[in-house]
1. So if we plug the beta-carbon distance of A:Thr444 and A:Lys281 into 1/(1 + (r/R0)^6) with R0 = 25 Å, what FRET efficiency do we get, rounded to 0.05?
2. Which residue, B:Val326, B:Val85, B:Val156, has the most motion in a Gaussian network model of chain B that connects Cα atoms within less than 10 Å?
3. Compute the relative contact order of the stretch B:374-429 as a whole-number percentage, counting only Cα pairs closer than 8 Å that sit 6 or more residues apart in sequence.
4. Name the residues whose placed amide hydrogens come within less than 5 Å of the amide hydrogen of B:Ile251, ignoring near sequence neighbours (fewer than 5 apart) on the same chain.
5. I want to check the label-to-label distance for B:Thr33 and B:Glu271. Put each point 7 Å from Cα in the C-beta direction and report it in nm to one decimal.
6. With the crude spin-label approximation of a point 7 Å out along Cα→Cβ, what separation in nm comes out for A:Asp83 versus B:Glu42?
7. Which aspartates and glutamates, on any chain, are close to A:Lys281 with Cα under 20 Å apart, when same-chain ones fewer than 8 places away are left out?
8. Each residue of the stretch B:221-234 in turn: what ³J(HN,Hα) in whole Hz from Karplus with 6.51, -1.76, 1.60 and θ = phi - 60°, glycine and Pro shown as x?
Amino acid sequence: MQEENEDILEQITTSEYKYGFVTDIEADEAPKGLSEETVRFISAKKNEPEWMLEYRLKAYRHWLTMEEPTWANLHYPSINYQDVIYYSAPKQKVSLSSLDEIDPELRSTFEKLGISLDEQKRLSGVAVDAVMDSVSVATTFKEELSKVGVIFCSMSEAVKEHPELIKKYLGSVVPATDNFFTALNSAVFSDGSFCFIPKGVRCPMELSTYFRINAANTGQFERTLIVAEESSYVSYLEGCTAPMRDENQLHAAVVEIVAMEKAEVKYSTVQNWYPGDKEGKGGIYNFVTKRGICAGDHSKISWTQVETGSSITWKYPSVILKGDYSIAEFYSVAVTNNFQQADTGTKMVHLGKNTRSRIVSKGISAGKSQNSYRGLVSVAKNADNARNFSQCDSMLLGDKCGAHTFPYIEVKNNTAQVEHEATTSKIGEDQIFYCNQRGLDTETAVALIINGFAKEVMNQLPMEFAVEAQKLLAISLEGSVG
Amino acid sequence: MDAIQFFTDAYAQQSSSLHLHAFQQSNLDAFSTMGLPAIKHEEWKYTKIRNLFKDGLTYTPTLSNSEIKFQTLKGTEEANRIVFVNGLYNAALTHLIEAEGNIVVKPLDTAAGDEDAELVKKHLGHSKDYHLDGINALNGAFAAGGVFIKVKPNVVLTQPIVIYHVTDNANGMIFSQPRILGYLGKNAEATIIETYVSTGNSESLSNEVIEMCVERDANLLYIKLQNEGAHSSHTGTTHIRQLEKAMTQAITISLSGAIVRNNLNMIMEAEYGESHMYGLYLLNGNTQVDNHTIVDNQMPHCFSNELYKGIMDDSSSGIFNGKIFVRKDAQKTNAYQSNKNVLIGANASANTKPQLEIFADDVKCSHGCTIGKLDEEALFYLRARGISETNAKALLLHAFAGDILQQIKYEGLRTHIDELISERLSFQI
């Protein structure tokens, strides 16, 4: 019995990152390093118009004047930005007319990831834009979407085909000069997704982007822009994985959301970049700026994230509540194990009147990891009757990990009502005992309790994501108890 | 002004210390490296402390001989009295009623050279690692003018020790830097009350550091009361080291001032320590009060509870930052923290940052904070019973502040503070 238990434990603790395969496809890469040449190279590769190159160069020049931020509760060796390949595209035959023409290697990659493009197309009715390394390889369901007027395409396509929209909205929520990583992203972003929901349209299906870093030493810098016009609705999913490599890889993305009057955008992420091995070697450095603006009255933006991967996570999906009566939500589960470090949270900036926001953050730390929640709730002078409720709970599994909370609350209006609460706890022995007594082994009991702890957030995820996220949660924490 | 130059000059001019020379010098060096904190400094994000160090500030750390008259704190007429004038310990004005041998009060510089030298060496400057911002070091550079207070083991003081910080600012802007080192022997029990008075109406700034060590089974009640007036600014650090099974209660009440910064550190160095922290800031005008607290749990089985309440009227601003650290070995820690704010004034603001940093798993920690307005329904209820709007609001706010007031066990002092608060709220029933 004892021996059997140890076997199970052994098996579980050595369970590995199952998305860590490398796909053997030839890639078209930019030379290592970052310079004006690199920026021009990327722009030229993508046949971009002059104004786009200007935008990139401006961002690059600004980036040169900036310093990497050090305020986060993260410790990592400094990144050599000259040692990164800023552009890597899977080599493929000219233009594709149908999904069948996609490189079979590439397609099997996505099948392994569980997002077989054509299967998705047939069965689940989710439109997928898959971004591998730096470029968008396929967008499914385009036709059907275009019938209702929804534009869902890769960023490079959008630059060419909808320049007026890109010019108007790109950088309108997250300016290139916002911070070190947005400047870097604005200079070298290679692809991403663009999504436009016209007035009065409820997007008939969930839109989804899948990101994957494949080539070694590359950084991925994607850019997502979602514009929801008046009274429209869209639910957007994002997933990410990467192969296992010993070196750290860089990922610096920017996501922008614009919600007009009465529009609603729901953005869900399951982030599962390679977290590094048990000794903390390798893994993705994930520096992401995500921000939405509730530009019109009665608009709503909701962020849901399940963060299980990356060796370093630096990510604060934010909402600017500009329109009156606008609503923002942030639901997050962040899991760190082994040597992972996460510094994540949100910013809610209340500007309009009668705005409401809600923050639910659950942090789970195991192994030797550090998990921080960092958030800001700001109520401006004229934001009458603003309302916020924040809850951030942490759970510690083991005595070598750390949980931290840094909530900033700044209120300048005397009609505001802001509440914040946080707790830290561990799984109680009595809880485990209760489950054991009812015939559940300890491992299952822990999974059960963790899932209960994170349920409030999991419930916010779209169905097919929720299942995956729940499994991920269990896998990420396997072997961390006992 | 060039603060580093200014204070280096002042340092050269101060009367030389007998035994604290090395300590002062190392602090001056630290200050010269760090300078004054800018608002980019995370710990000073909301408080523009640099603006207070402006031209016209005088700093002459020598005892003034002039006759000083000041009002004693109501409700504590029967008490041991320790007096600082312009930041320097004044033995002439100090008056102890406690039986001799129970407590020792003497200049810090003297203590550093006599039988208590060991204690001074061990505890003086312990707070510096918690405040790497120049302000703490600046005080340290002029520490010799401070006082050493020792309550002997097993002594239970019948009357509190009231420390008066008198600022003689009748003629010009005054800067002062009081320094206190307190020591409670094993199983001793004492109350220390700090209060601030100024004799004139010129601007003043005091930068205080009080460090205390509470030995095994000892019991300390510490009260800090600020009601000095709108022309006075203050930065102060209260740093309490708690040894085994020590129990401390700290109550910080800020009623007025220009810019006030209170640091309160509870260092739980041994098992089974217990600390209770209460704070009340009732502000109006342009007053800004910034409360920073640290509870550093280093060993298992400690308990801490914290409740800070703020009422901000007019254009005042209340800041709260509460840190709870639970180190790796501090299993079975229970730490609770709560911060509640009511915004009354149209231009009032509240900034709060409750912060938990936890490295042990078997702990119970929680924090909560709220910022809001008075409950409309409660107001309506009172109004419906014929209570005027002013009185209804005052009644609710008074009750809100009551949670903190009732922690003061000295009835006379509690009544006095209650009167101050009622007056402020124009409470007339």
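Laboratory data are not the source of any read-out in this text; all were calculated from the coordinates shown. These numbers come from a predicted model, not from an experiment. Here the Cβ positions follow ideal geometry from the backbone for every residue, glycine too, while neighbour counts run over all protein chains shown.
1. 0.25
2. In this elastic network of chain B, the residue with the biggest mean-square fluctuation among B:Val326, B:Val85, B:Val156 is B:Val156.
3. Details: 29 pairs, mean separation 22.2, N = 56.
Relative contact order, the stretch B:374-429: 40 percent.
4. Answer set, sorted by chain and number: B:Tyr222, B:Ile223, B:Lys224, B:Tyr278.
5. Spacing of the two 7 Å Cα→Cβ label points: 3.7 nm.
6. It is 2.6 nm.
7. A:Glu16, A:Asp83, A:Asp246, A:Glu247, A:Glu307, A:Asp343, A:Glu478
8. Couplings: 10, 10, 10, 10, 10, 10, 8, 8, x, 5, 8, 9, 10, 8 Hz.
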